[in-house]
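> Attaching a single structure in structure tokens format; questions to follow.
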């Protein structure tokens, strides 16, 4: 275990996340079981205080895990001096120590925050529609979400507490050189680049995602071609493609140019050394998530069609703004 202020803050956030997650599981499960025992109006009204408590718990838990996301990358950066004798040169080198555990944490964090965002949409749907059927869905989702948050917090705690010394690693540039020599390729990246990292393609796909989200948000009625399940699925596929294109471009083009190191394809150092691009990364993830969430809202259209329509429009508009803002920040730094 490497002990420094970032380790202490990581353990603090992970402990709070684990404790709040377990408490939220108990509260949500209690509300779910009580809701199943009776569906009378009196019981629903009696559960309003319970609902407010659950919203506060999930809200604080989500905020804690949101803060823990950038903090994790700052934690990796803080380990570089301690692990430099083992070949570590930047945060990417730190990830080469127990890479499977680091990869699991890196994947779990955005997926968990994606779940928090969708849960809040369900809460808004429940509040605006007043439909009693959404209460049970909210509680069921809260149980699963709180369990995942507790597991993610425990996973990060395990990583922080484990010993990281004694492992010889290859860092970013060394890793590229080794891989390039092994496969005989002129370009080699730490993570396979599916779309090749083309700046023009990145701008084009981002612009297409923004345009489609704007049209979807301004669709006049439910009969619009932008409101069909096929259109929502197409927008979701576009969002996933945009995430892959964005990552590939940041890895192959943005990082070397912004850092001023032509052969240094390291997104980790880019995000920790350039806070504005860290914000751009969050905006990109949030914006593309906004193109995915409406699919989850579609099954509830039959219960509250007008409310779902308005909520989907707002989500698409937010997605367009977030993706456009992220792209603008990237282009400003490349200019």
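> Residue under question is residue 248, and the condition is that it be at pLDDT below 90 and over 20 Å from the mean Cα position of the chain (by Cα); does it hold? Steps first, answer last, please.
Numbers: at pLDDT below 90: yes; over 20 Å from the mean Cα position of the chain (by Cα): no.
For residue 248, the condition - at pLDDT below 90 and over 20 Å from the mean Cα position of the chain (by Cα) - is not met.
> Please find, among 51, 31, 21, the residue that is at pLDDT 85 or above, surrounded by 15 or more Cβ atoms within 10 Å (Cβ to Cβ) and part of a helix (DSSP H, G or I).
Only one candidate qualifies: 21.
> Okay, moving on. Take the conditions in contact (Cβ under 8 Å) with a residue 24 or more places away in the chain and surrounded by fewer than 16 Cβ atoms within 10 Å (Cβ to Cβ) and apply them to residue 305. Does it pass?
Yes; evaluated as a whole, the condition is true for this residue.
> I would also like to ask the following. Considering each residue of segment 308-335, count those that are surrounded by 21 or more Cβ atoms within 10 Å (Cβ to Cβ) and either more than 19 Å from the chain's Cα centre (by Cα) or touching a residue at least 40 places away in the same chain (Cβ under 8 Å) (or both), and give that number.
Adding up the residues that qualify gives 11.
> For segment 77-94, name all the residues that are farther than 16 Å from residue 163 by Cβ and either out of contact with any helix residue (DSSP H, G or I) (no Cβ under 8 Å at 6 or more places or on another chain) or buried (at least 23 other Cβ atoms within 10 Å of the Cβ) (or both).
Residues satisfying the conditions are 81, 84, 91, 92, 93.
> Could I ask something else about it? Is it fair to say residue 262 is free of Cβ contacts under 8 Å to residues at least 12 places away in the same chain, surrounded by fewer than 18 Cβ atoms within 10 Å (Cβ to Cβ) and over 28 Å from residue 130 (Cα atoms)?
Considered against the rule, which asks whether it is free of Cβ contacts under 8 Å to residues at least 12 places away in the same chain, surrounded by fewer than 18 Cβ atoms within 10 Å (Cβ to Cβ) and over 28 Å from residue 130 (Cα atoms), residue 262 comes out as yes.
> For the condition part of a helix (DSSP H, G or I), within 25 Å of residue 269 (Cβ to Cβ) and modelled with pLDDT of 90 or more, what is the one hit in 203, 148?
After ruling out the rest, the residue left standing is 203.
> List every residue pair whose Cβ atoms sit under 7 Å apart, with the two residues 6 or more apart in sequence or on different chains, where the first one lies in segment 215-241 and is within 13 Å of residue 312 (Cβ to Cβ) and the second, anywhere, is modelled with pLDDT under 75 and assigned to a helix (DSSP H, G or I).
Taking only residues 6 or more apart or on different chains, the pairs are 215/226; 216/226; 219/226; 219/227; 231/225.
The values are calculated or read from the model by the stated rules, or taken from the named source; none is laboratory data. The structure displayed is predicted, hence computed values, not measured ones. Positions of Cβ are backbone-derived with ideal geometry, glycine not excepted, and every protein chain shown enters the neighbour counts.
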